[in-house]
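Let me begin by presenting the structure, written as structure tokens, before commenting on it.
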Amino acid sequence: MGRFSFFRAARCAAAALLALSALSGCGGDRAALQHCYASARAQQYDQALADLEKSPLAHSNRDRLLYLMEKGQLLHFKGDYRASNEVLREADHLAEELFTTSLSAEGASLLINDSLVSYAGTDYESVYLNYYKALNYLALGEPDEARIECRKVDEKLSGFADSAHGSNAFRRSAFLRFLTGLIYEGQGEWNDAFIDYRHSLEAYLGDFSRYGVPVPEALWGRLLLSARRSGLGEEEQEVSTEAREAGVAPDPAPTVIAVIVEEGQLPPKKEAFVVVPTGHGPIKVAFPVLAGEGAPALPVAVRLDDGPWREAAEVESLDAIARRSLEDEKLRIVAKETARVVVKQVVARKTEQTYGPLAGLAAQVVALLTERADLRGWETLPDRILLAVIPADPGPHTVVIRSGALEQRRTIHLEADGVGFVMARVL
């Protein structure tokens, strides 16, 4: 090998090391973020926020959206709702900008790894930005602002329904439609409430085989009351008939408290592999899956004042949504990864032919070690969400949430003909 070819080979080897160093932060992010997640599980939110600021996630441009998602949610848990919404608002704007990825970023990901591209979030993560913003506004006593977030949820879910093609794609959220209906009801917007309750019922019925979450009994009562208050006599009769056929006696109480309980934490993603035959021989392709089988569900009971305990019903399984979404993306990811591996093999062979065995070996090392699945995701999202809708008289109340041996207490003042909201996190 001549001196010119030797130096070219050396530069190729150096480029390989640089490419690997660009990816080496993944392990560092994982280790540093574990401290943040552990602090969050212990409900030490100030410490969790401090851990997040120390992590590489806080200083990575390509992971900016993830950083904002995690920070905004931790501030929500802490009860700093105003600061949480400032962060989540920035995250929502950034997510919209990242829907269209630049050609240069796509080129880098095609040659090396998807982790080199700015993380744009998943469909369900995008919608849950608005969910937490709505909860923040409710906690701040700003229902009009919460209603705006409801509109954004409606727009996003409608857009997903129009664009999604895969059988497991996230097209709709029965729970978020239920929640937006409750918010509309609390504002006296009965027709909007009825529309979203109806959408929620259709989603629960249509997606049971996909997510395994049955229709919550409380939904029937809200649907019946909103039809009645909207003057939709025919629809009210239809709801009564449907509820009776489902074996439910709806309770259309005019004033209720909705207790939203988030349980657990989404498990991290891990790598899985599949062998794909190509014209260049069989190749191993990496893609992400959700680790584990999901945390065991713990019963959550809710009591109003000195009344009886009521079991909160599961209304959303984010674990199931995340797993199905990844399954839907699998074919697209495998096709893209296969093309990328083939490109890397062609580049390695041409490098060897042009610059010699050392350069070819460096290119092959890069091709092998940079073939990783993108394991990024919003991990402080709950594993599942539960809901209890409790009839109550106007006035002050104490709500007790019990999970295992632990109890949490919340106080609320309920207005006449309204909906009060109480939020809790159990781990």
Condition check for Val215: more than 20 Å from the chain's Cα centre (by Cα), modelled with pLDDT of 95 or more and assigned to a loop (DSSP other than H, G, I, E, B): yes
Do the conditions hold for Leu290, that is, is it in contact with a helix residue (DSSP H, G or I) (Cβ under 6 Å, 6 or more places away or on another chain) and within 30 Å of Ala335 (Cβ to Cβ)? yes
Could you check region 81-97 and list, in sequence order, the residues that are open to solvent by 60 Å² or more (accessible area, probe 1.4 Å), more than 17 Å from Ala120 (Cβ to Cβ) and free of Cβ contacts under 8 Å to residues at least 40 places away in the same chain? Glu86
With the checklist (1) more than 30 Å from Val334 (Cα to Cα); (2) in contact with a strand residue (DSSP E or B) (Cβ under 8 Å, 6 or more places away or on another chain); (3) surrounded by fewer than 19 Cβ atoms within 10 Å (Cβ to Cβ) in hand, flag the one item Val276 doesn't pass. (1)
Take residues that are farther than 20 Å from Leu179 by Cβ and tell me which of the strands (runs of 3 or more DSSP E) falling wholly in region 234-316 contain 2 or more. 269-276, 283-290, 300-304
Over region 62-85, the set of residues among the acidic types (Asp, Glu), in a helix (DSSP H, G or I) and modelled with pLDDT of 95 or more is Glu70
Residues satisfying the stated conditions in region 61-80, i.e. surrounded by fewer than 16 Cβ atoms within 10 Å (Cβ to Cβ) and either closer than 20 Å to Leu140 by Cα or small (Gly, Ala, Ser) (or both): Gly79
From Ala218, Ala297, Ala246, Ala286, grab the single residue that is over 19 Å from Ala174 (Cα atoms), out of contact with any Ser or Thr (no Cβ under 8 Å at 6 or more places or on another chain), of a type in the set (A, V, I, L, M, F, W, C) and open to solvent by 30 Å² or more (accessible area, probe 1.4 Å). Ala297
I need a count of the residues in region 134-158 that are of a type in the set (Val, Ile, Thr) and either surrounded by fewer than 18 Cβ atoms within 10 Å (Cβ to Cβ) or within 16 Å of Gly418 (Cβ to Cβ) (or both). 1
Considering every residue within region 172-182, establish whether at least one is under 30 Å from Glu407 (Cα atoms), open to solvent by less than 50 Å² (accessible area, probe 1.4 Å), at pLDDT 95 or above and in a loop (DSSP other than H, G, I, E, B). no
When restricted to Ala249, Ala193, Ala227, the only residue of a type in the set (A, V, I, L, M, F, W, C) and at pLDDT below 95 is Ala249
Applying the selection to region 175-213, what residues are over 18 Å from Thr255 (Cα atoms) and in contact (Cβ under 8 Å) with a residue 60 or more places away in the chain? Phe175, Leu176, Arg210, Tyr211, Gly212, Val213
Of (1) under 20 Å from the mean Cα position of the chain (by Cα); (2) open to solvent by less than 30 Å² (accessible area, probe 1.4 Å), Asp328 satisfies all except one. Which? (2)
Just wondering, is there one or more residues in region 398-406 that are under 30 Å from Leu135 (Cβ atoms), at pLDDT 95 or above and surrounded by fewer than 15 Cβ atoms within 10 Å (Cβ to Cβ)? yes
For region 355-371, does any single residue satisfy the condition of being within 30 Å of Glu70 (Cβ to Cβ), among the hydrophobic types (A, V, I, L, M, F, W, C) and at pLDDT 75 or above? no
When residues of region 189-215 are limited to those that are closer than 24 Å to Asp144 by Cβ and in contact with a Phe, Trp or Tyr (Cβ under 6 Å, 6 or more places away or on another chain), the one most open to solvent (accessible area, probe 1.4 Å): Asp192
Region 264-275 residues that are without any contact (Cβ under 8 Å) to a residue 24 or more places away in the chain, paired with ones that are open to solvent by less than 30 Å² (accessible area, probe 1.4 Å) (beta carbon under 6 Å, 6 or more apart): Phe273/Ala286
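The values are calculated or read from the model by the stated rules, or taken from the named source; none is laboratory data. Predicted, not measured: the structure shown is a model, and the values here were computed from it. Please note: Cβ atoms are built from the backbone with ideal geometry, for glycine as well, and neighbour counts cover all protein chains shown. What goes into the accessible areas is simple: the full protein's heavy atoms, side chains included, and nothing from ligands, DNA or RNA. Shrake-Rupley method; radii C 1.70, N 1.55, O 1.52, S 1.80 Å.
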